[in-house]
Structure formats: structure tokens, C-alpha cells
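Just passing along the structure, written as C-alpha cells.
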Amino acid sequence: MFNENIISSIPEIPLHVDRTQRPHMSAGPLSQMHFHDEIELIHVCSGVIEVALDIGRYKVKSGDTVFVNSRIPHSTSACVDGTCGILVQLRIEDFFDKKIKSMSKYLPRFANAGDTPIAVFENEAEVKENITRIMEEYSTKQDAYEVYVLGGVYNILAFLFRRKILVDASTYYNTGAIQKLMPILEYVNENYNKDLTLDAISAKFGFNSSYFSRMFKKALGSGYTDYLCFVRICKAEKLLRETDMSVIDVALEVGFSSVSYFNRVFKKHKNCTPTLYKKAMYQKM
């Protein structure tokens, strides 16, 4: 498995668009197991594409579209000769969540942790029309094609938000309540590996633990411990990618006292084990 570096296809627009097909249109692998920060949509124009995740395999036939969420390990393959499709990849935060993103770097990712990992849309005209229009405009590059491309992107994202496939972080949080918690969130971001139990963090900032727990859940929609674990997993993700530290050492470094608990929480958020994640390489096939 490797962490794919997605390159934008259009100047000034953080979007990658391409055709997905096998050389000589024969059946076989399209991509090995990989992940990336971008969400991915593949519209199958002909044949059948199989998308494999740890949680299962999904066959997508001609006329259908598959959505794979960001940082979900997956591989793709063409099941029959003549298979081809249109690939669209983009980072949601490049188009939304500017206000939330400026408040704390982990908040958008924390909101999106509950997103759907994969979804298959069968003959969904709205998605098909926008993806094919993006591909057509990118290919022909007529006047104002960038505007049409952006329109297609926002239409697709609106569809995914309305279908609850993605979570709109701007509506997920109580931004007024978050402002009161910002000193605490920043403290957690910097001191994630310390003793930051609910009682400890409440005492440090002068709150009753029950009141703090209610306030935190009102602001973020989730409990304090969930947020702390998420930040620790984000830190662990970086260490697993960029250092030679063992999984055990990484777990201890980011503040987990139990490796088994670390493994369980990591898989919940990353849809793969820390060991598998550590094997990620920075290169394309």
C-alpha cells in the first residue's frame, strides 16, 4: 500500500480528472492498494470496475458511479476487457470549511471521521452528468471551461452532502461554543501525549468535569475522549508515515497506554491496522 500524491489537472483548481482504463483495454489491475487525502469518484463508462477495501469488494458496472472517501485504503481493477471510466479526485477542504479550518486544523477531519467510506450510485443521472461534463470541459478546454468544471464539482459535493455521504463541517459544529473551547483545543493539539483525561483537563482549565463534558459535546457533537483519541491518531499517522518507530513505540509516544486499544481506535478511524498503514510508501506505481 502507498500514499498516492494527487496532482491537480487544471491550473488554479485543486482537482484531478483523468480516464481510468487498462492498456489495450484488457481486464486486470488498475491500481494497487493505496490511499490519499482526496475523495475519489469513478464513473464507469463501459465494462465493470471492482473496488476493494478491507471491509469488502464492490463491483461497479457501466453507467454506475463509485465514491471512495479520503484516506480509505483501496485498490481498483477492471473485471472485463474494454473497461473504462472517468476518475475525479479532490480534497473537500479546498472547497469548503474555510471558517472551521482557520479555527483548528483537526476540526474538519474530526467532523468527517463519521463519513461513509464507500458508496455506489446506480445510474444516478445527477452524478453522471456532472462527472462527464467535467471530463468534457477538461478535454476540450473551451472558453470558461474552468467555470463549468467548478460548477460540476460543487454540484457533486452538494449531492454527497444532501445524501449524507459527507458531513458538512460548517453545520456540524456550534461555532459560538467552539470559540470558548479554543484554548482547550489548542492545548490538546500541543499536549496530546500527556495525561489529558476528562478530569485532568477540566481541572487544568477550572471547569467542573460534568459541566465541561456537556459543554464539549454541545460544541463538537462528540465527547471529549473521542476528540482526544482522534488527535492522537492523527499524530500517530504522521509518525507511522515519516519515522521508523515501531507500532508499539508510536502508540506510547502519542499517549496510548494500551497497544490493543491503540490498534482498535486506529482501525476505527483509518479503516486499516497501524501495521498495514506503516507499510505505506510515498511513490506511485
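Are any residues in the range 35-68 more than 19 Å from E126 (Cα to Cα) and touching a residue at least 40 places away in the same chain (Cβ under 8 Å), and if so, which ones?
F35, H36, D37, E38, V51, L53, D54, I55, Y58
Give me the pairs: first residue in the range 1-18 and under 25 Å from R241 (Cβ atoms) and at pLDDT below 70, second residue surrounded by fewer than 16 Cβ atoms within 10 Å (Cβ to Cβ) and not β-branched (V, I, T), beta-carbon distance under 6 Å, and six or more apart or on different chains, which are they?
Close Cβ pairs satisfying both conditions: M1/K279; F2/M281; F2/Q283; N3/Y282.
Are there any helices (runs of 4 or more DSSP H) wholly within the range 235-285 with 2 or more residues that are more than 18 Å from T225 (Cβ to Cβ) and modelled with pLDDT of 95 or more, and if so which?
Working: elements: 247-253, 259-270, 274-278.
Where helices (runs of 4 or more DSSP H) fall fully within the range 235-285 and carry at least 2 residues being more than 18 Å from T225 (Cβ to Cβ) and modelled with pLDDT of 95 or more, they are 247-253.
Go through the range 31-58 residue by residue and tally those that are under 23 Å from N130 (Cβ atoms) and either of a type in the set (D, E, K, R) or in the same structural domain as K270 (by TED's automatic domain parsing) (or both).
Final tally of qualifying residues: 3.
Now for a separate question. How many residues, within the range 190-222, are hydroxyl-bearing (S, T, Y) and within 21 Å of K235 (Cα to Cα)?
Going through the range 190-222, the residues hydroxyl-bearing (S, T, Y) turn out to be 192, 197, 202, 209-211, 213, 222.
Subset that is within 21 Å of K235 (Cα to Cα): 192, 197, 222.
Matching residues across the range 190-222 total 3.
Within the range 140-151, which residues are out of contact with any Phe, Trp or Tyr (no Cβ under 9 Å at 6 or more places or on another chain), more than 21 Å from E38 (Cα to Cα) and either assigned to a helix (DSSP H, G or I) or acidic (D, E) (or both)?
Across the range 140-151, the qualifying residues are T140, D143.
Only one of these is at pLDDT 95 or above and over 30 Å from K278 (Cβ atoms): K61, K99. Name it.
Working: K99 fails: at pLDDT 95 or above.
None of the other options fit; the residue is K61.
Does the range 189-248 hold any residues that are buried (at least 16 other Cβ atoms within 10 Å of the Cβ), of a type in the set (S, T, Y) and farther than 16 Å from I178 by Cβ, and which are they?
Matches in the range 189-248: Y192, S202.
Mind checking which residues of the range 19-30 are under 30 Å from Q142 (Cβ atoms) and either at pLDDT 80 or above or outside the structural domain of V80 (by TED's automatic domain parsing) (or both)?
We begin by selecting, within the range 19-30, every residue under 30 Å from Q142 (Cβ atoms); these are 19-23, 25, 30.
The answer is R19, T20, L30.
For the list (1) modelled with pLDDT under 80; (2) closer than 30 Å to Q142 by Cβ, I need the number of the one condition that D54 fails.
Every condition holds for D54 apart from (2).
The values are calculated or read from the model by the stated rules, or taken from the named source; none is laboratory data. Small disclaimer: the values here were computed from a predicted structure and weren't measured. Glycine also receives a Cβ, built like all others from the backbone with ideal geometry; neighbour counts cover every protein chain displayed.
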